[in-house]
Amino acid sequence: MLESLAETGGRKAFVNLGAGDGYYGVGALVSGLCQRSYCYEMGEKGRRIIGDTARLNGLEDRVEIRGKADPGFYRDLPAEVVDDCVLFIDIEGAEFELLDEAAFGAFGNAVIFLELHDWFFQDGAQRMQTLRRNAAATHAITEMTMAARDLSPFPELREYSDSDRWLLCSEGRGRQMGWMRFDPKRAGAPA
């Protein structure tokens, strides 16, 4: 999903809400997808691990680690970052609070990837409708679900039982996860 962006020359920045341990935030730099990364992670341990991961990869000067993203978080980012970034969001349901029309407008040139957590809420279908409506003016939406995983290319896993191999790639979710990709509708937006 992200590799297609690297093939088109990448983006100036990678903005990661719910950065966890820095897998995507630092990985976007290692892979050449972006020049700079902004990692928002509310957990202190996660922020420490992101810093360690950036240092281990010699990228500490290109990774900015921030705390929890609040509504309007994009106002604290440089304008050139907001205008030319990949926004990658996995914040366990808080996406519905952050992604209002103003946020989609601010990120009008950004490609946005969002892990969905509508099933956390009784009014999840209504939240999804609002999310689609908030994005409609600025972004085209592609909905995705988790694809099949092939563990056969990993020789280090060949000695594990089938059950153990599948447990290694399980997130322990109660259902199949879904994602949305939002591509900018603006003429002249970076590919």
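The values are calculated or read from the model by the stated rules, or taken from the named source; none is laboratory data. Just so you know, these numbers come straight off a predicted model, no measurement behind them. Positions of Cβ are backbone-derived with ideal geometry, glycine not excepted, and every protein chain shown enters the neighbour counts. Keep in mind that these areas ignore ligands, DNA and RNA; they rest on the heavy atoms of the full protein, side chains included. Shrake-Rupley method; radii C 1.70, N 1.55, O 1.52, S 1.80 Å.
Observations on the model:
- The shape of the chain can be summarised by an equivalent ellipsoid whose semi-axes, obtained from the alpha carbon gyration tensor, come to 26, 22, 17 Å from longest to shortest.
- Trypsin sites (Lys or Arg not before Pro) restricted to DSSP loop in the stretch 105-157 with at most 11 other C-beta within 10 Å: Arg149
- Furthest towards positive pole of dipole, Ala28, Ile65, Thr130, structure part the chain, Cβ charges: Thr130
- Per residue solvent-accessible surface (Å²) - the chain, probe of 1.4 Å: 55 Å²
- Share of carbon and sulfur in the accessible heavy-atom surface of the stretch 28-70 [1.4 Å probe, %]: 47 percent
- Within the stretch 59-106, GluC sites (Glu not before Pro) in DSSP loop having at most 11 other beta-carbon neighbours inside 10 Å: Glu92
- Placing unit charges on the Cβ atoms only, positive for Lys and Arg and negative for Asp and Glu, gives the chain a dipole magnitude near 280 debye about its Cα centre.
- Each peptide in 82-91, 114-123, 36-45 gets a packing score, the mean of other Cβ atoms within 10 Å over its residues, and the list from highest to lowest is 82-91, 36-45, 114-123.
- Cut-off 15 Å between beta-carbons: net charge of the residues surrounding Arg47, Lys and Arg +1, Asp and Glu -1: -1
- Label-to-label distance, nm, for residues given as Glu92 and Thr145 (7 Å Cα→Cβ offset): 2.5 nm
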